[in-house]
1. Being crowded, with 16+ Cβ neighbours inside 10 Å, among the β-branched types (V, I, T) and without any contact (Cβ under 8 Å) to a residue 60 or more places away in the chain is the filter here, so list the residues in the stretch 120-166 that pass it.
2. Could you tell me which numbered condition R80 fails, if it satisfies all but one of (1) within 16 Å of the ligand (Cβ to nearest atom); (2) at negative phi?
3. Could you check N250 against (1) within 18 Å of the chain's Cα centre (by Cα); (2) without any contact (Cβ under 8 Å) to a residue 24 or more places away in the chain and say which number it fails?
4. Of the residues that make up the stretch 177-185, is at least one surrounded by fewer than 16 Cβ atoms within 10 Å (Cβ to Cβ) and either among the acidic types (D, E) or at pLDDT 95 or above (or both)?
5. Looking at the stretch 26-34, can you tell me whether even one residue there is of a type outside the set (V, I, T), within 16 Å of the ligand (Cβ to nearest atom), part of a loop (DSSP other than H, G, I, E, B) and in contact (Cβ under 8 Å) with a residue 12 or more places away in the chain?
6. Among the residues of the stretch 104-136, write down those that are part of a loop (DSSP other than H, G, I, E, B) and either polar (S, T, N, Q) or at pLDDT 95 or above (or both).
7. Go through the stretch 173-188 residue by residue and tally those that are closer than 23 Å to F255 by Cβ and not in a strand (DSSP E or B).
8. Exactly one of these conditions fails for C68: (1) modelled with pLDDT of 95 or more; (2) farther than 30 Å from M1 by Cβ; (3) buried (at least 19 other Cβ atoms within 10 Å of the Cβ); (4) within 16 Å of the ligand (Cβ to nearest atom). Give me its number.
Amino acid sequence: MKPIIDSHAHIDFPVFDDDRAALFENMHAVGIDKVLIPGVCPLQWQKQIAVARQYNCLYSLGIHPWYCETATVKNIEDLRDLLIRYKDDSQLVAVGECGLDKLHKSNFITQMNLFRVQVSLAKEFDLPLIIHVVKAHEEILKCLKSEKPSRKGVIHGFYGGPQLALQYVNLGYKLGIGGLLLNDNAPKLQQTVAELPVDSFVLETDSPAMAPKNGQNSYNTPLLLPDILNKMAHLQKKSSVLISEQMFSNVTQLFDL
Ligand SMILES: [Zn+2]
């Protein structure tokens, strides 16, 4: 088996503060090599970078749509300054997570403006995007088609069917596949994973979000990754070893690791 990389885990969040070291030991024991820690809000950027340094992880910098209404012009300048400062840092691998979320109460126009700013930063710094999109696929696809960011990126926490999936894949984007795949009430997503080429996907957990219903903890951890990988292998009718090789190749290629 190739090492497993979690392409989306908020391992910097306070819920992990007490047992982060033990969690990384347990992850390494089951072949999970590292995680990508996505940016969510300016207050968290320094902690993200510190956790990434301590545990040899990857990180991205950005502002999540849930935080768009508190984001100021100064925050955007700070984001750009940090990207300039860390542009040669091999652990900084993307811009985001950024995007649009119609189920969140924050103003959609504000979300849209902040997403556009981050797409242009991804272009300026030649980095891929980590995109959060809920019920706003039309708007995101339209923006990606017109802006054409060269390094593309990942649609994280993808939940849609094959038709929607193909629209992203045909533009060169990967789909982040997480714990929802284990839920048999998500037949559209299972169909997507069964039908699309295996180079369309990267693995993620979105920890601490998406806690498994029957899990020991009230929060999710990257330790769920082998289950997601095995489910993907089952749906793709391929061996877990082969899927692990392909997932490693997809994530290293996307983030230029
Ligand atoms: Zn996230």
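The values are calculated or read from the model by the stated rules, or taken from the named source; none is laboratory data. What you see is a predicted model, and the numbers here were worked out from it, not measured in a lab. Cβ: placed from backbone, ideal geometry, glycine included. Neighbour counts: every protein chain shown.
1. Once the filter is applied, which keeps residues that are crowded, with 16+ Cβ neighbours inside 10 Å, among the β-branched types (V, I, T) and without any contact (Cβ under 8 Å) to a residue 60 or more places away in the chain, the stretch 120-166 yields I131, V133, I140, I155.
2. It fails just one condition, (1).
3. (2)
4. yes
5. no
6. Quick first cut of the stretch 104-136, residues part of a loop (DSSP other than H, G, I, E, B) only: 104-107, 126-128, 135-136.
S106, N107, D126, L127, P128, K135, A136 - these are the residues of the stretch 104-136 that are part of a loop (DSSP other than H, G, I, E, B) and either polar (S, T, N, Q) or at pLDDT 95 or above (or both).
7. Going through the stretch 173-188 one residue at a time, the tally reaches 5.
8. (1)
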